[in-house]
Amino acid sequence: MAPLPLEKFRKQAIRAGAIDSSMALNITALSPKSNQRDSVFYTRLKTRMYKHRLTHQLYDAVFQDVYNSHSQTGEVSTLAVNPFSAFKGQTIGAIYIRRLGVFGRSVYDTLRQSGNRFEKLGSQLHTNTKEYVIRHSYLLFKVGDALDPIVLQDNERLLRTTSIFHDARIQAVARPSEEFVVDIYVITQDVWSLLPTGGFGGFDNFSVGLQQLNFRGLGHQVSAQLAYSGSDPRQTLEYEAHYKIPFIGKTFLTAQADGVYLRDLKQASVKLYRPFITPDTKYAGSFELNHTQLNTQVITRLDSVIRVPIGYYYSDLWLGRSFRLFYKPSGTDTKGRSRLIVALRNTNYAYVQRPTVTADTNQAYQNNRTTLVSLGYSRRKYVRDVLIYGFGRTEDVPVGVSLIATGGVDYAELGQRLYTGLSFAQGNYVPHLGYLYSLVSIGGFHRRQRIEQGVFSLETNYFSPLLLNRWGNLRHFLTGRYTAGIGRFNNEYISLNTSSGNQNDAISVASDALRGTHRLFLGYENILFTRVSVVGFRVALLSFVSVGLVSFADRSFLAGPLYQGYGLGFRLRNENLTFNSIQIRLAYYPNIPGNATPFRQAFEAVPSVRFRDFDLPAPQIIAYQ
């Protein structure tokens, strides 16, 4: 029998009840031949292993069905073209919300079922985000609006970037009985939001905690932790608590309160903020109050280490306004939406406990009030991709340009000084070569015709196209960072073993020899995303090479030793869970001073990496890191 056309098959399947009409709206084009061969191989393997109970359970625990993964079918890349453009200007008639279970199904395959009993149990125990919360706090459109393709595409990305959703998809369906009326289907899939934390080293040394990222399906984030150390002479009991309410109503404001009572850090803070969540957001801003007490170690350039008690009050207020530039009708701007952004910020530090501050020592602990104003240009859009920093979820890659000029006055205790800074960033997909991001920044304070606390930095990040082979999907990553301090204070330095958030941008060995005022780091990493899944955890193999130079200004930078690191390992991650990727790796560092052994083994958590976006934040001093 000849195969049915796709549309006829869809209609017959809906009438037969085999699929849900609201879910089976887009049918992906056929996968490449290599993917089809993989699907045939795994289908035959599954058929053989399902004949016996033991091998049946083994297959479910180890393998994922490759034909049920949108990362294999390429559907995400086909959606790089705005799928809502055909409905532009039509009236939104109804909005339907469908919330999928945490495990099993996906927003690209709502018929797929959980592969093992743990996933089924997890979906049953989890409380999905309430429908009215999604409808009233997370949607940029409402019934009766004229459909704007850009708004729906932005909203889909916004849902994916929140911490409570694993993935999200929005679909538009024309009403056959009413011309120019379209219904919207919002499909979301939560992450497993409850995570216990803690450790046990004996009845006089233990910690226990709980993190809930979606309290009772309301989207509220709650976390608390208690630690006890009976042998600590300074403080036996430590605790901390955090509460966060994202997207209050239709304001898209987020409220946050934090309380920390640790041995070396005591802090109480409240914050209310709203970023430029989409390129069309007109207003953004933040207000924060903070009281902090801490004991910090200060390492001088003479290698002496002192413990310094610090206490201060901090306040921060900023407001930004976005103006549209170079207007093009919605959906016709292929390079991204251009915006001019003006922002004003005022911060204040008032120290109540600190070391003695003079013109030559401890200048970083001055009482100060800083007023900054920034003028920036931003052009950005987003391209959907998979298997970059995630293990299969949809990833929105920022593409665009930003240019920010910042100026202001620092009313510091040791004298008033001016600040100027300039940053330029650009990122784009290079045809057939991959994605390239670059950032250059320079800034500093000016007083008495000299520069204080200045910084010049260059950064570049690259990842290759996804390369398919018989073992999985491979990507290559390159990282380059150069930072130079200009007129830094005598207790300020940067280190090669201080990470800025990327997965492989530091020498992972603690050593006082890896610090200075100038630093150069180059890193290479490749990741093979295998098709193996162990009890729902995807497996990725990796190898890396890291090299770096670091020196103080009074020493020769290029003459210093080239510090090196080489390694391999693997990562485990279940994208439906809230905690970080688990990484096990073996590394070789041949020339780190004071390193007892050149070999290092690590079993560690790797936080999820966020792409560097082209939205403009609050006016800020360029960080020395």
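The values are calculated or read from the model by the stated rules, or taken from the named source; none is laboratory data. Please read these numbers as outputs of a predicted model, since none were measured by experiment. Every residue, glycine as well, gets a Cβ built from its backbone with ideal geometry; the counts of neighbours run over all protein chains shown.
Candidates are the residues of the stretch 211-254 that are within 23 Å of the chain's Cα centre (by Cα) and aliphatic (A, V, I, L, M); the one that is nearest to Trp192 (Cα to Cα) is Leu213. Counting only strands (runs of 3 or more DSSP E) that sit wholly inside the stretch 193-276, those with at least 1 residues that are outside the structural domain of Ser137 (by TED's automatic domain parsing) and closer than 27 Å to Asp316 by Cα are 205-215, 220-229, 237-248, 253-261, 265-274.
Scanning the stretch 532-549 for residues that are part of a strand (DSSP E or B), over 20 Å from Leu478 (Cβ atoms) and over 21 Å from the mean Cα position of the chain (by Cα) returns Val532, Ser533, Val534. Kindly provide the set of residues from the stretch 151-169 that are part of a strand (DSSP E or B) and under 18 Å from Ile277 (Cα atoms), ordered by number. Phe165, Asp167, Ala168, Arg169 - these are the residues of the stretch 151-169 that are part of a strand (DSSP E or B) and under 18 Å from Ile277 (Cα atoms). I'd like to check something: does the stretch 286-298 contain any residue that is outside any strand (DSSP E or B) and surrounded by fewer than 16 Cβ atoms within 10 Å (Cβ to Cβ)? For the stretch 286-298, residues outside any strand (DSSP E or B) and surrounded by fewer than 16 Cβ atoms within 10 Å (Cβ to Cβ): absent. Of the residues screened, Thr394 is one that is crowded, with 21+ Cβ neighbours inside 10 Å, out of contact with any Gly (no Cβ under 7 Å at 6 or more places or on another chain) and among the polar types (S, T, N, Q). Against the list (1) farther than 24 Å from Val606 by Cβ; (2) at pLDDT below 85, the condition Ile486 fails is (2).
Checked against (1) within 25 Å of Gly485 (Cβ to Cβ); (2) part of a strand (DSSP E or B), Leu558 meets all criteria but (2). Scanning the stretch 178-192 for residues that are touching a residue at least 40 places away in the same chain (Cβ under 8 Å) and part of a loop (DSSP other than H, G, I, E, B) yields Glu178, Phe180, Val191. Scanning the stretch 585-597 for residues that are under 17 Å from Ser543 (Cβ atoms) and surrounded by 15 or more Cβ atoms within 10 Å (Cβ to Cβ) returns Arg585, Ala587, Tyr589.
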